[in-house]
Amino acid sequence: MHELSIATSLVSLVGDALESAGETGTVEAVRVKVGALSGVVVEALEFAWDAAAEGTCCEGARLDIERVPAVVRCGDCGAETTPGDPPFFVCGACGRPASEVISGRELDLIALELEQTQATADPAPEHRHAAPHP
């Protein structure tokens, strides 16, 4: 199951991103894009996430996965279509072989959601209320 190594790599990337940004907050969610042609079994990645995140900055964080469909472009007619299942790389418009994969190979870390902390100190008294209008 290579999804465990992918989950472990995601945890490492999150840790590196937090360190380089000087962040120390709690990670609440990790957002990734996973393409239909990436070879990743989304359900297996979700299962592996908790094990990979245990004892790290990502422990308890949600893994939000955006699935990206496969889209191919035909070199003959220029149409962009979704290949059939299993992915047959033929144009859905003209039936000729598709020449280019436009999307579906993604495996990208796209965003982190950190816990928002509230300031506990009261603002100075002169800043507590808006100034009256003249």
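Specify which of the listed residues (Ala111, Ala52, Ala119, Ala93) is modelled with pLDDT under 90 and either closer than 26 Å to Ala21 by Cα or not in a loop (DSSP other than H, G, I, E, B) (or both). Step through it out loud before you land on a result.
Numbers: Ala111 fails: modelled with pLDDT under 90; Ala52 fails: modelled with pLDDT under 90; Ala93 fails: either closer than 26 Å to Ala21 by Cα or not in a loop (DSSP other than H, G, I, E, B) (or both).
That would be Ala119, the only listed residue that is modelled with pLDDT under 90 and either closer than 26 Å to Ala21 by Cα or not in a loop (DSSP other than H, G, I, E, B) (or both).
How about segment 8-26: which of its residues are of a type in the set (A, V, I, L, M) and either closer than 15 Å to Ala48 by Cα or at pLDDT 95 or above (or both)? Walk me through how you get there before you give the answer.
Just the residues of segment 8-26 that are of a type in the set (A, V, I, L, M), to begin with: 10-11, 13-14, 17-18, 21.
If the condition is that a residue be of a type in the set (A, V, I, L, M) and either closer than 15 Å to Ala48 by Cα or at pLDDT 95 or above (or both), then Leu10, Val11, Leu13, Val14 are the ones that fit.
Name every residue in segment 12-45 that is part of a helix (DSSP H, G or I), over 21 Å from Arg105 (Cβ atoms) and not hydrophobic (A, V, I, L, M, F, W, C), in order of residue number. Full working, then the answer.
Within segment 12-45, the first condition is being part of a helix (DSSP H, G or I), and the residues that meet it are 12-21, 42-45.
Those still in the list that are over 21 Å from Arg105 (Cβ atoms) too: 12, 14-21.
Correct list: Ser12, Gly15, Asp16, Glu19, Ser20.
If only one of Val42, Val34, Val27 is free of Cβ contacts under 8 Å to residues at least 40 places away in the same chain and either β-branched (Val, Ile, Thr) or under 30 Å from Phe89 (Cβ atoms) (or both), which one is it? Before the answer, list the steps.
Details: Val34 fails: free of Cβ contacts under 8 Å to residues at least 40 places away in the same chain; Val27 fails: free of Cβ contacts under 8 Å to residues at least 40 places away in the same chain.
The conditions single out Val42.
Test Gly92 against the criterion of being free of Cβ contacts under 8 Å to residues at least 60 places away in the same chain, in contact with a Ser or Thr (Cβ under 8 Å, 6 or more places away or on another chain) and surrounded by 13 or more Cβ atoms within 10 Å (Cβ to Cβ), and give yes or no. Steps first, answer last, please.
Numbers: free of Cβ contacts under 8 Å to residues at least 60 places away in the same chain: yes; in contact with a Ser or Thr (Cβ under 8 Å, 6 or more places away or on another chain): yes; surrounded by 13 or more Cβ atoms within 10 Å (Cβ to Cβ): yes.
Against the criterion (free of Cβ contacts under 8 Å to residues at least 60 places away in the same chain, in contact with a Ser or Thr (Cβ under 8 Å, 6 or more places away or on another chain) and surrounded by 13 or more Cβ atoms within 10 Å (Cβ to Cβ)), Gly92 qualifies.
Out of all the residues in segment 61-80, is one or more part of a loop (DSSP other than H, G, I, E, B), farther than 30 Å from Glu28 by Cα and of a type in the set (Lys, Arg)? Give the derivation first.
Start the filter on segment 61-80 by keeping residues that are part of a loop (DSSP other than H, G, I, E, B), which leaves 61, 69-70, 75-79.
Remaining after also requiring farther than 30 Å from Glu28 by Cα: 75-79.
If we keep only those that are of a type in the set (Lys, Arg) as well, we get none.
No: segment 61-80 contains no residue that is part of a loop (DSSP other than H, G, I, E, B), farther than 30 Å from Glu28 by Cα and of a type in the set (Lys, Arg).
Scan (1) surrounded by 15 or more Cβ atoms within 10 Å (Cβ to Cβ); (2) within 26 Å of Asp85 (Cα to Cα) for the single condition Glu43 breaks and write down its number.
(1) is the only condition that Glu43 fails.
For a quick check of your reading of the model, give me the residue pairs whose first member lies in segment 62-74 and is touching a residue at least 24 places away in the same chain (Cβ under 8 Å), whose second is basic (Lys, Arg) and not in a strand (DSSP E or B), with beta-carbon atoms closer than 9 Å and at least 6 apart or on different chains.
Val68/Arg105; Ala70/Arg105; Cys74/Arg96
Does Arg105 satisfy the criteria of being assigned to a strand (DSSP E or B) and at pLDDT 90 or above?
Values: assigned to a strand (DSSP E or B): no; at pLDDT 90 or above: yes.
So Arg105 does not fit the description; no.
The values are calculated or read from the model by the stated rules, or taken from the named source; none is laboratory data. Quick caveat, the model's predicted, so the values are computed rather than measured. Reconstructed Cβ throughout: ideal geometry from the backbone, glycine too, with neighbour counts over all protein chains shown.
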